[in-house]
1. Restrict the check to the range 191-213 and report whether at least one residue is surrounded by fewer than 20 Cβ atoms within 10 Å (Cβ to Cβ) and assigned to a strand (DSSP E or B).
2. How many residues does the range 133-154 contain that are out of contact with any helix residue (DSSP H, G or I) (no Cβ under 9 Å at 6 or more places or on another chain) and modelled with pLDDT under 95?
3. On the given criteria, is residue 11 surrounded by 15 or more Cβ atoms within 10 Å (Cβ to Cβ), outside the structural domain of residue 124 (by TED's automatic domain parsing) and over 21 Å from residue 87 (Cβ atoms)?
4. Say whether the condition of being more than 25 Å from residue 121 (Cα to Cα) and either at pLDDT below 85 or crowded, with 17+ Cβ neighbours inside 10 Å (or both) is met by at least one residue in the range 52-66.
5. Please specify each residue of the range 141-166 satisfying the condition of being buried (at least 21 other Cβ atoms within 10 Å of the Cβ) and either within 12 Å of the chain's Cα centre (by Cα) or not assigned by TED's automatic domain parsing to the domain that holds residue 197 (or both).
6. Find the strands (runs of 3 or more DSSP E) located wholly in the range 4-68 whose residues include 2 or more that are over 17 Å from the mean Cα position of the chain (by Cα), and list them.
7. May I ask you to say which residue of 101, 95 is at pLDDT below 95, out of contact with any strand residue (DSSP E or B) (no Cβ under 7 Å at 6 or more places or on another chain) and under 23 Å from residue 195 (Cα atoms)?
8. Do we have residue 208 as out of contact with any helix residue (DSSP H, G or I) (no Cβ under 8 Å at 6 or more places or on another chain) and on the phi > 0 side of the Ramachandran plot here?
């Protein structure tokens, strides 16, 4: 099933890192059962129990729209939430063998050069990881490189597979960010997760980006 979080927990999750581009995997206890389990959080708003049927509910959220689903969803408060990072959640049987195969969190930080463009892909028009008040990327967020985005799009690769996203439905929007040279980032390769192959380029911004660095949004 899917649920909606209260505003306090939404804000809490927005202030915590993503597990991957566009989603968070949370370990928490359900107040109804008090048992700990895993929950998939979309856009820091919609909660889906990870019970083997999550793809069905993800598809419904994307097809019907997150606002419509949220308005009809039952409120839930998750207790003792712990967001799993990419390294904790990914398939440990596919550990990277060399520097070029490591995920972004496994690689050192570097400074942005102030000219390179990065792209964030999303199923949602109002991606909460894009701060449209300050026009920047929120801390703890993933993107891909513009080069990898173009390669994915114009070679007809499936972005869901390439970036190991927790959905089998199409990506609808692209958000373009040009970090300032004061911003730092980590580059890597998307690891297998969510039953998807990965292999695309991922870029992680632990501290987000400076104000004014988000500059465009287009359909995918």
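The values are calculated or read from the model by the stated rules, or taken from the named source; none is laboratory data. For clarity, every value in this text was computed on a predicted model and none was experimentally measured. Every residue, glycine among them, receives a Cβ derived from its backbone with ideal geometry; neighbour counts consider all protein chains shown.
1. no
2. Result for the range 133-154: 1.
3. In short, no.
4. no
5. Once the filter is applied, which keeps residues that are buried (at least 21 other Cβ atoms within 10 Å of the Cβ) and either within 12 Å of the chain's Cα centre (by Cα) or not assigned by TED's automatic domain parsing to the domain that holds residue 197 (or both), the range 141-166 yields 141, 142, 143, 144, 163, 164, 165, 166.
6. 23-29, 36-42
7. Exactly one of 101, 95 is at pLDDT below 95, out of contact with any strand residue (DSSP E or B) (no Cβ under 7 Å at 6 or more places or on another chain) and under 23 Å from residue 195 (Cα atoms), namely 95.
8. It is true that residue 208 is out of contact with any helix residue (DSSP H, G or I) (no Cβ under 8 Å at 6 or more places or on another chain) and on the phi > 0 side of the Ramachandran plot.
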